[in-house]
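A short worksheet on the structure shown next.
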Amino acid sequence: MTGLGDRLKEARAAKGYSLDDLQSITKIQKRYLSGIENEDYSMMPGAFYVRAFIKQYSEAVGLDSDEMLSLYKESAMHEKLEEENAQITPPMTRNRGIKGNSRLNEAIPKIIVALFIVVIIVVVWVLWQKNASNNAGMDVEPQQPITMDRGNQPPASKGDGGTADEKSDEEKTTESDPEPEEEVKEQSLTYVRTSGQDSTYTLTDAEEFKLKIDTFGDTWIGVQNEKKEELTPMARVMKNGETIELDVSDVEFVRIRVAVTPFTDIYVNGEKLEYVSDASTQNIFIEYEK
């Protein structure tokens, strides 16, 4: 325990807020707020949301969010070290070491004999190859070099690009294997989870993050960033045939509130987002992993 939960709880009490009050202010579910105060993050949807919730809680009760996030990081690092220590296997016992040494001592003579046999086989093979080579050299007469009488033919002029041999060498040097093309990564829009009206997706391997929202009937649309700032001119009811286009490449995630999903198509960098939930009203969270 780093004291993070106690400090947040004391600050909330000093403000006179109950958990219900804080839920109304931050829009964070009460069970998540309680988990933060108890430093129990097991029910959280992920580390990204833990940091975002702690930041919102801190700002709501007047604490420095950076300091509170530092305390959370210390707690997360401590838990990670404990998990790594728990996974370390116990050292080998003395009896097992003695047993292993005994087996090794028994195997050493066999290994030496095997190596000795291998050496003998190699020596015999080398001598046989050498003898066969000598015999072949005695039976074959040396070939006379073949010469070509060029007669009075003048040598090829270098002004015409050099001799055929020189051209061949130049062609060989200029020819080369084509350079491999750089692998182009395609973006991945992946569904993660659904909880109530909230459906979460991740966007990876994308150089930009552009949204396009088309409507086919009257539906309420609102787009917010991680700071709960409206990215649309204002959350409103969009009419049939209206379109919103947004460049949100500088955000960590967006929350798209859709009142009627059958009337709404969402495109991410031109790729259509597929609704996993059948609910008509949904909150679509898209995390942008740069």
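The values are calculated or read from the model by the stated rules, or taken from the named source; none is laboratory data. Keep in mind it's a predicted model, so treat the numbers as computed, not measured. As a convention, Cβ positions derive from the backbone with ideal geometry for all residues, glycine included, and neighbour counts pool all protein chains shown.
With the structure loaded, tell me whether TYR72 is aromatic (Phe, Trp, Tyr), at pLDDT below 90, part of a helix (DSSP H, G or I) and more than 20 Å from GLU229 (Cβ to Cβ) or whether it fails that test. So that I can check it myself, show each step before the final result.
Details: aromatic (Phe, Trp, Tyr): yes; at pLDDT below 90: yes; part of a helix (DSSP H, G or I): yes; more than 20 Å from GLU229 (Cβ to Cβ): yes.
For TYR72, the condition - aromatic (Phe, Trp, Tyr), at pLDDT below 90, part of a helix (DSSP H, G or I) and more than 20 Å from GLU229 (Cβ to Cβ) - is met.
Among GLU245, GLU274, which is the only one that is of a type in the set (D, E, K, R), in a loop (DSSP other than H, G, I, E, B) and modelled with pLDDT of 90 or more? Show your work before the answer.
Working: GLU245 fails: in a loop (DSSP other than H, G, I, E, B).
When all the criteria are applied, what remains is GLU274.
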